[in-house]
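A short write-up of the structure that comes next.
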Amino acid sequence: MTNNTLTIIQAIEIENDLKQFTGTEQYHRHFTGGLFTDGVDYMAENFGAYWLLDIIFSYQRKEPFQVWELKVENDKGTVTMVEDTDCPILVRQEIPFTDFPLPYFKLWLCDGVLLLPSEY
């Protein structure tokens, strides 16, 4: 299933499925060498969003904890990264077109592993 074929109901179902991930059985390796969890892999596969992982891993820095957010409005997206929720934005990338089905999505990168907040 690609995100072009997702309906709102399917997107909500996938979002609810993501809440079930509370850990990971294995780590997946991004081509840049970064690691991500089963929940992140599920999200990327079902939303057709491996491009989001490419963006995140292309900006890797030394911060041990990073909060990554994707905000989508009118088929345009903004990806941002902060060290913590009350810190200034360190990375901001505009996405001229996205069919990511949710208006907002958050990921954490903790000690080099990208994960869903529920997997922390």
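The values are calculated or read from the model by the stated rules, or taken from the named source; none is laboratory data. What you are looking at is a predicted structure, and each value in this text was computed from that prediction instead of being measured. A quick note on method: Cβ atoms are made from the backbone with ideal geometry, for glycine too, and the neighbour counts reach across all protein chains shown.
Identify all residues within region 13-37 that are among the hydrophobic types (A, V, I, L, M, F, W, C) and at pLDDT below 85; write none if there are none.
ILE14
Applying the selection to region 66-84, what residues are among the hydrophobic types (A, V, I, L, M, F, W, C), in contact (Cβ under 8 Å) with a residue 24 or more places away in the chain and either surrounded by fewer than 15 Cβ atoms within 10 Å (Cβ to Cβ) or farther than 23 Å from LEU6 by Cβ (or both)?
Going residue by residue through region 66-84, those that are among the hydrophobic types (A, V, I, L, M, F, W, C) are 67-68, 70, 72, 79, 81-82.
Then drop every residue that is not in contact (Cβ under 8 Å) with a residue 24 or more places away in the chain, which leaves 67-68, 70, 72, 79, 81.
VAL67, MET81, listed by residue number.
Please indicate, with yes or no, whether at least one residue in region 85-97 is among the polar types (S, T, N, Q), surrounded by fewer than 16 Cβ atoms within 10 Å (Cβ to Cβ) and more than 10 Å from the chain's Cα centre (by Cα). Step through it out loud before you land on a result.
Initially, region 85-97 is screened for residues among the polar types (S, T, N, Q), giving 85, 93.
If we keep only those that are surrounded by fewer than 16 Cβ atoms within 10 Å (Cβ to Cβ) too, we end up with 85, 93.
Subset that is more than 10 Å from the chain's Cα centre (by Cα): 85, 93.
Scanning region 85-97 turns up at least one residue that is among the polar types (S, T, N, Q), surrounded by fewer than 16 Cβ atoms within 10 Å (Cβ to Cβ) and more than 10 Å from the chain's Cα centre (by Cα).
Quickly run through region 13-65 and pick out the residues that are in contact (Cβ under 8 Å) with a residue 12 or more places away in the chain and aliphatic (A, V, I, L, M).
Selection gives ILE14, LEU18, LEU35, VAL40, MET43, ALA49, LEU52, LEU53, ILE55, ILE56.
If PRO96 satisfies every condition in (1) farther than 20 Å from GLU15 by Cβ; (2) in contact (Cβ under 8 Å) with a residue 40 or more places away in the chain but one, which is the exception?
It is condition (2) that PRO96 fails.
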